[in-house]
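The values are calculated or read from the model by the stated rules, or taken from the named source; none is laboratory data. Here the structure is a predicted model, which means the values were calculated and not measured. Because the Cβ atoms are built from the backbone with ideal geometry, glycine has one as well, and the counts that use them run over all protein chains shown. Protein only, heavy atoms only, side chains kept; ligands, DNA and RNA dropped before computing areas. Shrake-Rupley method; radii C 1.70, N 1.55, O 1.52, S 1.80 Å.
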Amino acid sequence: MTRVRKAVAAAALTVPLLLATGCGIATTGVVESGRSGTVKLATAPDPGLLYFIAPDGALVPVPVSDRMQRPDAGFTIGVLLEGPSEAAREAGLTTEIPAPDAKNPFGADYVRAGSTSEGDGKTLRVVLPLPVEPLSGPARRQLACTALAAVRTSPAPEILLVGSDEKEQSAECEVRPQG
């Protein structure tokens, strides 16, 4: 009798285990149940971006949320001319735009930028309180990227830098230097 009871107990345990393994249950694919969930986030106004030079030569955008909210190109360029903040300098960011001297200080009040149409395309003229000719390639790239970030138009306008000596030079926004 003990053998019979053992066999019945083993059979009684084996049948539920076989049924629990899913025999006869077909697999199903992804079941669509409607649109995916969305979340709306409260965001601060666009702070404006300044472009400074990283140690590897690439341009790095730096938000300036504490000083401006969706500024115009002239004001943004004026802040760029002041150079990197202390925090940006500590992060290794620099500028190749020459600093003002004590006799000829400049800042946001002295910078004018406006958008003018020339031919079929648009050109953003950035009028600077310093001569354009001695500016290095990285300095011109800093100015172009900062101005483009401030205007945000599509297609992006061409950038024309106008110096205090009335000379003009075009500039392109290239985040990585060619080479």
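For the range 47-61, the criterion of being closer than 30 Å to LEU161 by Cα, modelled with pLDDT under 85 and within 18 Å of the chain's Cα centre (by Cα) is satisfied by at least one residue.
Cβ-Cβ distances below 6 Å connect the following pairs, each with a first residue in the range 147-176 that is closer than 26 Å to ALA54 by Cα, a second residue that is open to solvent by less than 30 Å² (accessible area, probe 1.4 Å) and polar (S, T, N, Q), and a separation of six or more residues or different chains: ALA150/THR76; PRO157/THR123; GLU158/THR123; LEU160/THR123.
LYS122 meets each of the listed conditions (1) in contact with a Phe, Trp or Tyr (Cβ under 9 Å, 6 or more places away or on another chain); (2) at pLDDT 75 or above; (3) not in a helix (DSSP H, G or I) apart from (1). Of the residues making up the range 152-161, those that are touching a strand residue (DSSP E or B) at 6+ places or on another chain (Cβ under 6 Å) and over 14 Å from GLY78 (Cα atoms) are PRO157, GLU158, ILE159, LEU160. Scanning the range 135-179 for residues that are open to solvent by 20 Å² or more (accessible area, probe 1.4 Å) and hydrophobic (A, V, I, L, M, F, W, C) yields LEU148, VAL151, ALA156, LEU160, CYS173, VAL175.
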